[in-house]
1. Within region 214-249, which residues are of a type in the set (A, V, I, L, M) and either at pLDDT 90 or above or touching a His at 6+ places or on another chain (Cβ under 7 Å) (or both)?
2. I want to confirm something. Restricting to region 248-270 and keeping residues that are surrounded by 14 or more Cβ atoms within 10 Å (Cβ to Cβ) and without any contact (Cβ under 8 Å) to a residue 40 or more places away in the chain, which single residue is nearest to Met238 (Cα to Cα)?
3. For the condition modelled with pLDDT under 85, under 20 Å from Arg17 (Cβ atoms), of a type outside the set (Val, Ile, Thr) and within 23 Å of the chain's Cα centre (by Cα), what is the one hit in Gly383, Gly418?
4. Test of understanding: among Leu452, Leu441, Leu373, Leu362, which residue is in a helix (DSSP H, G or I), modelled with pLDDT of 85 or more and not hydroxyl-bearing (Ser, Thr, Tyr)?
5. Residue check: is Val87 open to solvent by less than 20 Å² (accessible area, probe 1.4 Å) and in contact (Cβ under 8 Å) with a residue 24 or more places away in the chain?
6. What pairs can you find where one residue is in region 205-219 and crowded, with 17+ Cβ neighbours inside 10 Å, the other is polar (S, T, N, Q) and in a loop (DSSP other than H, G, I, E, B), and their Cβ atoms are less than 9 Å apart, with a gap of 6+ or different chains?
7. Which of (1) in contact with a Leu (Cβ under 9 Å, 6 or more places away or on another chain); (2) at pLDDT below 85; (3) not acidic (Asp, Glu) does Leu435 not meet, given it meets every other one?
8. Just one of (1) in a loop (DSSP other than H, G, I, E, B); (2) closer than 20 Å to Ile313 by Cα trips up Pro58, so point out which.
Amino acid sequence: MQEEVAVTLLHHLPAWRMRAIERIEFSSAQWSVREHEVHVKPLTEVATKRPGTAGYVPGLHTHLLHLPKDDEGKVELLLPIIELPKVPLLDLHIAVNGEPVYRIPLDVGANLEAQYIKMLAAEAGIEVANFESDLTDLLAAIFFLPTSQYAEIWKKYCQVSIDPRQWVYPFLRSIGKRDPLQIYLTEFLPFELKEHILDEWRDVASNIKEYVLQETMEDHLSGAEYPLIALPQMAREMARLGRGDADEELCSQRLKSLYLLLHDAHARKCHTSTDESKNRARAASTLLSTYAAFGSQWTAFARCKIPVAEPFIITVKETRSIYFQHKWNKEYRSSRKFPTAEHIGRTAWTMVAFADAETNHLSIKTADTSVRLHDCVALDQKGMPLEESDRKDAEVNGELDEHAKTFELYLRHDSTDGRRKRIWIKCHLRLNRILSLFIYLAMTVTGVGTYLLIWRAIEEKVGEDQIHGLTAKDATVILIPVAFVTAFVLAKENTTLVMRLRKFRQSILLIELFVLLGTAFALYVHHAVRATP
């Protein structure tokens, strides 16, 4: 019963959530602190709404009647709390109604997400033969967190390391001698994998990938996009739960069933001739977008006791890793011809659930006053600027309730019906203008100092009384101020976020300083510096 209520509430998030507030603070070069607050309506109020009215949740009233209440009128439920990306998280704290709650295991949550997909398939009128036996286990494995084993193998063969000893692995992959996916499946599947079977799986997976990329951007660790990486997890769970052993035939059948599910959903998505077909098309569209999102996102469920007749608040606090150079930025067509900041790591990307309540409130700021928000751009899941995407989508109407950008804060409030469920916020981070100007000034002074040293050293005599060339006083006047300014900028204490943003210019400044000092020493060794004035 609790599982059914959890899936129902997951499907109708805005019906029982009045307001969702998310505060994001970039605190360092690696981590952002996020606070999420959800104001929940009394569930009995939501359950008594009539069919056809806004906020009606089918079956909720019946479910609440059958759930036992304690003396305080509280009911134990499985609540969907928050949608999180599959990235490293620290200090995740969840509280419901002011009390810490128990978060259920990830595999149980993944199974609930699989049940949600089954519900959407039923609403869309999609009949998948043996859904329970063919797809639930595979979907749960896909929605489970990606394995660290595959991530390590992929990184080893697909990313060039600074260690020359590791360069052989990308080279072997480029010439077709090593395939990260094949290595991973061969090592972790409980049966011997034949090459022709793997080729068949790749064909089915490529068709699945086409449907996923119509909903979201590419992610090499997404189980929804690359379902083959979820097969070892499915085999392990089947063995652990005593559901039999996975083999080639079973994996092939379930991959084909998954493809048929997405194929039928995509076909029904375009049929909107009648009211019934429109409802089915809406459910099919939700199925496709949800499946694609759950490949790189996961929903945290918590078991808790709540007062069903009173409003309450859900609070979540976490520390999440920041992605500065996003692996999908090639999909986003920047307005600048040369978006250099994206490639030198000064653009932070963050995913936000923005339609999980009646009203969503988002704020982004930086913890360091030396860092400013140069610009923040909202993108849809495919990487298109949100305002441009909304103009192309007839289902999204209305304007934002509030939208503000400053150097210190980014605000976005919205209650528009049909708004995007998940959006990307792309934040261009820059240094404080005064600090940035000071670094550029130090770079200029150092460059001019190097030029003066060389120019004075190579100048010859002009006339009998005017002596050009480099003297010890000249070298002292040039070197001491320049070296002092440069050393002060390089040695100035900063946060890790500031150090990341200034590392490119700081590297140039450091090179200039060594060139200046090297030039001075070289001139001294070659007796180009005279002791007489």
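1. Within region 214-249, Ala224, Leu228, Ile229, Ala230, Leu231, Met234, Ala235 qualify.
2. Going through the qualifying residues, I end up with Leu250.
3. Gly418
4. One residue alone meets the criteria, Leu441.
5. Taking the combined requirement at face value, the residue does not satisfy it.
6. Every condition considered, the pairs that remain are Val212/Ser222; Glu215/Gln381; Thr216/Ser222; Thr216/Ser296; Thr216/Gln381; Met217/Gln381; Asp219/Ser296.
7. (1)
8. Result: Pro58 fails condition (2) only.
The values are calculated or read from the model by the stated rules, or taken from the named source; none is laboratory data. Since we're looking at a predicted model, the values are computed, not measured. Don't worry about glycine lacking a Cβ; one is built from the backbone with ideal geometry, like all the others, and counts go over all protein chains shown. Ligands, DNA and RNA are stripped out before the accessible areas are found, and what is left, the full protein with its side chains, is counted by its heavy atoms. Shrake-Rupley method; radii C 1.70, N 1.55, O 1.52, S 1.80 Å.
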